[in-house]
Amino acid sequence: MTDTGTTILVTGATGFVGHRVVHHLRDHPARPRLRLLTHRTDVPECCAAQSETVRGSVTDPVVLRAACTGVRTVLHLASAITEDAVTAQAVNATGTASLVTAARHSGVRRIVRLGTAAVYGLGPHR
């Protein structure tokens, strides 16, 4: 993986919000280098050519350490929206904590985390 101070790691890059963020960053005039962490879905060709893809899960600390190497900013957009409490805990809580640990270890300067009320099940949410 390349070591650059302008690399942005995007977790959940192929998800509902993540793919829109990736398209926006890809077209941004600053042209940051993108590293996309994907779990199950392939990155669309239009984005794959302009980014580096890491296949893995936020539940895997080894993948997270490698993904964070050389990264300046992490946009943590991955989450598990499920009624399975074990999976939700593993991804949303433990996975996020593991990502923060890996980012700190790698010298990441910024982490932006997107949350969603959907992790609490069907609404209405107030």
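Bear in mind that the values in this text are calculations on the coordinates, not laboratory data. Predicted, not measured: the structure shown is a model, and the values here were computed from it. Here the Cβ positions follow ideal geometry from the backbone for every residue, glycine too, while neighbour counts run over all protein chains shown.
Working from Cα pairs under 8 Å separated by at least six residues, relative contact order for the stretch 6-106 is 32 percent. Less than 5 angstrom separates the built amide H of Leu34 from those of Ile8, Glu52, all sequence-distant by 5 or more or on a different chain.
Between Ala85 and His24, what FRET efficiency follows from the Cβ-Cβ distance if R0 is 41 Å, with the result rounded to 0.05?
0.80
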